[in-house]
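To keep things clear, I will list the structure first and then write my remarks on it.
The values are calculated or read from the model by the stated rules, or taken from the named source; none is laboratory data. As the structure is a computational prediction, the values presented were derived from the model and not from experiment. Heads up, the Cβs are rebuilt from the backbone with ideal geometry, glycines too, and the neighbour counts pull from every protein chain shown.
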Amino acid sequence: MDKINSSINAPDYSTIYRPVYFRLINPEEEESLKALIKSNPALTIYDTILSQLAELIKLNNPQKKLSPEESAELISKHAGTDTDKYGVWVYFPWSNKLVHTLDEQEFAQVRTSRNIYKVTPEEIAVLQQKKIGIIGLSVGQSIALTLAMERTCGELRLADFDEIELSNMNRIKVNIQDLGLNKAVVAARQIAELDPFINVICFTDGISLDNIADFFTSNGKLDILVEECDGIDIKILARIKAKALGIPVVMDTNDKGMLDVERFDLEPERPIFHGKVAELEALTPDQLTEKLNKLTIPEKIGYLAKIIGYENLSEAMMKSVNEMNKTIVGWPQLASAVTLGGAMITDISRRILLKQFSTSGRYFVDFDNLFQDEFNTITHLNGDNDTH
């Protein structure tokens, strides 16, 4: 109870991203919950435990069409008459909401029931033990939420030092009241309100030489690294660390649906970035950091171009690169591309974790190539600019 009380009494909720749990079968936690409700008249309470139990009972009796009376009788047998004490009450300090829900095992059963049999119950159990780390929560936020929504892992580690700005809202799903909050914290709160039983750990200072070991190995080694950060130094340092630990890396480039997969778990000698920056991989972490810290913006763009390849950039992105720090101040990222990245990374991560995909490489889901405008293509080939 000390942990619960310390969370409730914390003076600054802006940095809290972990919910507080009250299981009323424990008398001390029941008293703590009563005290919270009594001292917090503005608290909003949501109690839909009966409908959740009805759904659970329905799932456990798939071949029966239960009448409301039969369902109520089965709920009573399963949960008893005092349903207030069934499951868990979850308090979200940042939104001052209290929600009554099924406890973890039954919650996960119901929430993933529509995954079956695209993902089998046995596979769901395997995925629940997996840990995924995400560096960079601009593109990474959509990935984190999709991973959590599909329950592709049981733990997420989120690293980003940056705060939400108004211009981020073109592709990051946040509210205007989230402006100024750390990106990792905002994502962690969203995940908690989606599924309070996924363990989320935030690294709000981003990744550095000081904490990179903790990010990769504290509380158990990561099973996958999702790298989506802007800094070229962290992109390379993170891959070197992942390679040393035998952790696969996946990255969505957010242009032309480009997805990179590096299976350092299966190919321990594989060069990072498919061998495109071999000269940097030969440096020690200190040497690499020193070298990259001295790079000018054009030099950093040059390395990114070498890693990604100008030939792999869309026409719009190529124009944007040439306009960096001239007419624009940041990389363009569209919500549609970011959402696609969340889907691609989640799909490939699930298949890697379930040993259904074992290849390294660079892949494209390029909508410009997939969906051709036949009329415009014919017109262009004929040299006819008259569209009337």
Among the residues of region 153-184, which ones are out of contact with any Leu (no Cβ under 7 Å at 6 or more places or on another chain), aliphatic (A, V, I, L, M) and farther than 21 Å from L222 by Cβ?
-> M169, I172, V174, I176, L181
Cβ pairs under 8 Å, 6+ apart or interchain, first in region 360-383 and of a type in the set (S, T, Y), second exposed (fewer than 10 other Cβ atoms within 10 Å of the Cβ) and modelled with pLDDT under 60, ordered by first then second residue, are T379/N385; T379/T387
From the residues in region 46-99 that are among the aromatic types (F, W, Y) and not in a strand (DSSP E or B), which one is nearest to Y17 (Cα to Cα)?
-> W94
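Go through region 270-291 residue by residue and tally those that are touching a Ser or Thr at 6+ places or on another chain (Cβ under 8 Å) and in a helix (DSSP H, G or I).
Total meeting the criteria: 1.
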Looking at (1) at pLDDT 95 or above; (2) more than 15 Å from I134 (Cα to Cα), which is the one condition that is false for V226?
-> (2)
Exactly one of (1) crowded, with 17+ Cβ neighbours inside 10 Å; (2) within 22 Å of the chain's Cα centre (by Cα) is unmet by R114. Its number?
-> (1)
Among the residues of region 194-217 satisfying the criterion of being surrounded by 15 or more Cβ atoms within 10 Å (Cβ to Cβ) and in contact with a Pro (Cβ under 9 Å, 6 or more places away or on another chain), which is nearest to P19 (Cα to Cα)?
-> P196
Does L340 fit the bill of being part of a loop (DSSP other than H, G, I, E, B) and of a type in the set (A, V, I, L, M)?
-> no
Within the group K34, K64, K58, which residue is of a type in the set (K, R), under 13 Å from W89 (Cβ atoms) and without any contact (Cβ under 8 Å) to a residue 40 or more places away in the chain?
-> K34
Could you tell me which of the residues I224, I164 is surrounded by 15 or more Cβ atoms within 10 Å (Cβ to Cβ), without any contact (Cβ under 8 Å) to a residue 40 or more places away in the chain and of a type in the set (A, V, I, L, M, F, W, C)?
-> I164
Sole miss for K291 among (1) touching a residue at least 24 places away in the same chain (Cβ under 8 Å); (2) over 22 Å from D214 (Cβ atoms) is condition (1)
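Conditions (1) surrounded by 15 or more Cβ atoms within 10 Å (Cβ to Cβ); (2) in contact with a helix residue (DSSP H, G or I) (Cβ under 7 Å, 6 or more places away or on another chain); (3) modelled with pLDDT under 85, marked per residue:
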residue: T284; (1), (2), (3): no, no, yes
residue: L292; (1), (2), (3): yes, yes, yes
residue: G302; (1), (2), (3): no, no, yes
residue: I328; (1), (2), (3): no, yes, no
residue: P332; (1), (2), (3): yes, yes, no
residue: A337; (1), (2), (3): yes, no, no
Would you mind stating whether I308 is out of contact with any helix residue (DSSP H, G or I) (no Cβ under 8 Å at 6 or more places or on another chain), over 30 Å from G154 (Cβ atoms) and either of a type outside the set (D, E, K, R) or touching a residue at least 40 places away in the same chain (Cβ under 8 Å) (or both)?
-> yes
Qualifying positions in region 213-251 - farther than 29 Å from I124 by Cα and part of a helix (DSSP H, G or I) | I232, D233, I234, K235, I236, L237, I240
Qualifying position, being within 23 Å of A337 (Cβ to Cβ) and at pLDDT 95 or above, among I124, I116, I143 = I143
Within region 86-105, is there a residue that is touching a Phe, Trp or Tyr at 6+ places or on another chain (Cβ under 8 Å) and in the same structural domain as K241 (by TED's automatic domain parsing)?
-> no
Out of S67, S76, which single residue is loosely packed, with under 12 Cβ neighbours inside 10 Å and out of contact with any His (no Cβ under 8 Å at 6 or more places or on another chain)?
-> S67
Does region 353-363 include one or more residues that are at pLDDT 95 or above and within 18 Å of L156 (Cβ to Cβ)?
-> yes
Do you know which residues across region 43-73 are of a type in the set (G, A, S) and within 31 Å of the chain's Cα centre (by Cα)?
-> S51, A54
